[in-house]
Amino acid sequence: MKYVKVCVVLLAILIFIAGALLSPRPYTETEYSMDTLMTVTAYGKNAKTAVKDVFSRIRELDKKLDLRNPESQVARLNQAPADTPVYLDEDVFYVIKTALLFSEKCGGAFDITLYPVSNLWGFGTDKAVVPEAEDIRNALLKTGSQNLVLDEEKQAITKKHSDAWIDLGGVAKGYAADEAIRILKEAGITSAYLDLGGNIGIIGEKPLSLRETIENGKASRPYTVGIQKPGAPRGELIDTVSLSEGFVVTSGDYERFFEEEGILYHHILNPETGFPADTGLKSVTIVSKSGILADMLSTTIFVQGKESADRYLNDCDTILLVDDHFDLTYIE
Ligand code: AMP
Ligand code: MG
């Protein structure tokens, strides 16, 4: 009898060890880049190398696209005088060109040339203030995509006046997410989850542990993406979205903001007024097969409001809106 008991215990230990060895282990890294916290998790044989490759690519992109880094190509373009072509590499030219094309398509609500205005507001700095109306009016005169002339062949951009400054804050993380997913897929990764400061990218399904597999009768399940409840403590969710391929990107009034005299001023600006967009929305979430498009779309629909959403359904799978009353609307 004692012998049988020992055998049962040994068998249980063996099953446990086999389970631990058989269920694929995740490899996760977190890094601060592009002004935000980024986490990448991948499963499988090449996971560690692939995740490291993703972060070196993100660091490389940040170095090129960050307007606050005086060495970046974007800073070089911003500081360039008028009528002087600035030669850019493939990444920077692609992101700017894609953003300008999109801007034209959406009628200017998405505008990478808003920096003269957003700089006055100073969101995310300790100098955040409500600017004087006259300063905003003057800054708006310096904005507009028409001030940038693209030369496709030479991969160069010429500014029509020296004050034209660009800010890729509404699109860079989306491109980085596209690149991250591409790198992981090229490394043969079939299951991964990445969160680049609210830009979520997903490959495949999340592998389950042996115990979960036995309980559920399947070895994996779609990833679950939490949608932050605007204004609530980080991690308090208003809903979740399940998916096994693609991107989930949210723009919200809670990301970067300050309050003055009881009014919340947030970082997503209406290019027509130079003031924070105010269309009764607190957040916009986009589910799409393209990271860069999802990033631009979430910002744009936040600026244009609920009524605009239908017109972008061809460009994404789902649009999830949270309004001022915390009511949820799914458009698909
Ligand atoms: P997101 O969090 O992706 O919605 O992007 C917000 C960031 O994009 C801001 O921090 C600004 O850098 C920039 N931004 C603000 N308003 C706009 C706009 N109307 N169009 C494009 N970029 C914007
Ligand atoms: Mg965006």
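Throughout, read-outs are computed from the coordinates displayed, never taken from laboratory work. Everything quoted here is computed from the prediction, not taken from an experiment. Counting neighbours? That spans all protein chains shown, and the Cβs are built from the backbone with ideal geometry, glycine included.
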| query | For segment 244-332, what is one quarter of the convex hull surface built on the Cα atoms, given in nm²? | reply | 6.1
| said: As an exercise, use a Förster radius of 41 Å and the Cβ-Cβ distance of E261 and D53 to find the FRET efficiency, rounded to the nearest 0.05. | reply: 0.25
| What number in nm² do you get for segment 91-162 if you take the convex hull of its Cα atoms and divide its surface by four? | 5.9
| Within the chain, which DSSP H helices have Cα atoms that stretch 24 Å or more along the helix axis and a mean Kyte-Doolittle hydropathy of at least -1.0? | 2-22, 47-65
| request: Rounded to the nearest 500, what is the 222 nm mean residue ellipticity of the chain from helices alone, with -39500 (n - 2.57) per DSSP H run of 4+ residues and division by all residues? | output: -11000 deg cm²/dmol
| Taking Cα centroids, how far is segment 48-118 from segment 228-246 in Å? | 28
| remark: Any residue on another chain or 5+ positions along whose placed amide H is under 5 Å from the amide H of K282 is listed here as V322, D323, D324
| Three-way shape label, segment 224-283, alpha-carbon gyration tensor, a/c 1.5 | oblate
| message | If you average 1/r across every pair of different Cα atoms in the chain and take the reciprocal, what Kirkwood value do you get, in Å? | response | 21.6
| said: How large is the convex hull of the C-alpha atoms of segment 60-107 per residue, in Å³? | reply: 92
| request: Using a cut-off of 13 Å between beta-carbons, work out the net charge of the residues near N216 (Lys and Arg +1, Asp and Glu -1, N216 not included). | output: +1
| request: Please identify, among Q155, Q304, Q73, the residue showing maximal mean-square fluctuation in a Gaussian network model of the chain using a 10 angstrom Cα cutoff. | output: Q155
| task | Name the residue, out of Y87, Y223, Y175, whose mean-square fluctuation peaks in a Gaussian network model built on the chain with Cα pairs under 10 Å. | result | Y87
| Pick from G262, G198, G280: which is most flexible by mean-square fluctuation in a GNM of the chain where alpha carbon atoms under 10 Å apart are linked? | G262
| message | How are the alpha carbon pair distances in segment 18-94 distributed across 5 Å bins from zero to the largest one, expressed in percent? | response | 3, 14, 17, 16, 13, 11, 8, 6, 4, 3, 2, 1, 1, 0
| message | Taking 0.36 nm per residue of sequence separation and subtracting the Cα-Cα distance, how much length would be gained by fully extending the chain between S244 and R211, in nm to one decimal? | response | 9.7 nm
| query | For segment 107-212, what is the Kirkwood estimate of the hydrodynamic radius, computed as the reciprocal of the mean inverse distance between distinct Cα atoms, to one decimal in Å? | reply | 17.3
| field | segment 173-331 - Debye-derived log10 I(q)/I(0), Cα point model, q = 0.15 Å⁻¹ | value | -0.82
| query | Rg and Dmax of segment 29-68, Cα atoms, in Å? | reply | 11.1, 37
